[in-house]
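Engineer: This is the structure I have questions about; it appears just below.
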Amino acid sequence: MSSDSLKTVRSDDRLVTLKELAAYLSVNERTLLKLVSEGDVPGVKIGNQWRFRKAMIDTWLDDQMLGVAPRRFEMRGTTSAPRRMLALESCFQPSHIVPELATTTKLGVVEELAGLSNRLGLVRDEIWFAHALIERENIMPSAVGNGVAFLHTMYRHPEHVVRPFMVLGRSARGVDFDALDGKVTHLFFVLGLKFHELHLPWLAKLSQMFARAEATRALLEAPNAEAIFEVLRGVEKDMFPDRKESVAS
């Protein structure tokens, strides 16, 4: 797969004002200004006016709804649709893990994990999936710091994703992934999402878990894919100790 095949035009990259964004998010302008001033909403100040990239805002919202970023407020209408509960084991297995990535570049990580997803029969089009992941990376980097990145597509495409899944790539040496803390990234969680209404409670828990450096270290020290899987499965067991079976979507 060539790098040219992954180039894309960023969708809806227009700038919007504070007033326009407040209307889009259905929040009070004063509330939004406070969030922006505190760095909770991505924006840029030009003179004394705030401006926001629409595509970046949509990406930021998607991260919040998935649970890979802290949720700052509830958007109206986001909780009315029925949500599909998806257990970790129904979309993630030891075979979904690359214990040591061969690549040393950001594009290489995307290509390697998109290739794994395709070989596992989880996506129908490897090039589309890699392209969609890169499109999202071009808008806002997925590396959240502490050596972890949560990659996913901006939009859901049921026709391309066979079933919801997660794959994981690990790099002991680390890859420059434009992380928020400026450090290399070691763990790359790639989400293949089929529906907007999926409820992944364990994903938010994973995100919280990897806010601590020792969690990243534990996965880096795991000897193989099975050991990595058991560490991650333990996160869900801690959340739902009484659940006996997975609920598939």
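Engineer: So, with +1 on the Cβ of K and R and -1 on the Cβ of D and E, and no other charges, what is the size of the charge dipole of the range 145-184 about its Cα centre, to the nearest 20 debye? Spell out each step's value before the answer.
Structural biologist: Details: 5 positive and 4 negative charges, 38 e Å.
For the range 145-184, the charge dipole is close to 180 debye.
Engineer: Okay, next question. Residues in the range 91-117 near a label at ALA227, defined as backbone nitrogen under 14 Å from the 7 Å Cα→Cβ point?
Structural biologist: Those under the cut-off are 99-100.
Engineer: With a 10 Å radius around each residue's Cβ, average the other Cβ atoms per peptide and rank 218-231, 107-120, highest first.
Structural biologist: Values: 218-231: 15.1, 107-120: 20.4.
Result, highest mean Cβ count within 10 Å first: 107-120, 218-231.
Engineer: Moving on. Suppose each label sits 7 Å from its Cα in the direction of the beta carbon; what would the ILE127-GLU29 distance come out to in nanometres?
Structural biologist: Computed distance between label sites ILE127 and GLU29 equals 4.8 nm.
Engineer: Using the beta-carbon distance between ARG173 and VAL44 and R0 = 22 Å, what value does 1/(1 + (r/R0)^6) give for FRET efficiency, to the nearest 0.05?
Structural biologist: Numbers: r = 34 Å, r/R0 = 1.53.
So, using R0 = 22 Å, E works out to roughly 0.05.
Engineer: Kindly state, to the nearest 0.05, the FRET efficiency for LYS19 paired with ALA213, given R0 = 41 Å and r defined as their beta-carbon distance. Display every interim value, and only then the final one.
Structural biologist: Details: r = 40 Å, r/R0 = 0.98.
For LYS19 and ALA213, the calculated efficiency is 0.55.
Engineer: Over the range 97-175, what is the relative contact order in percent, taking alpha-carbon pairs closer than 8 angstrom and at least six residues apart? Provide the component values of the computation, followed by the final result.
Structural biologist: Values: 83 pairs, mean separation 35.7, N = 79.
Computed over the range 97-175, the figure is 45 percent.
No value in this document is a laboratory result; all are computed from the given coordinates. Treat the numbers as computed from the prediction; the structure is a model and nothing was measured. Using ideal geometry, Cβ is built from the backbone for each residue, glycine included, and neighbour counts are taken over all protein chains shown.
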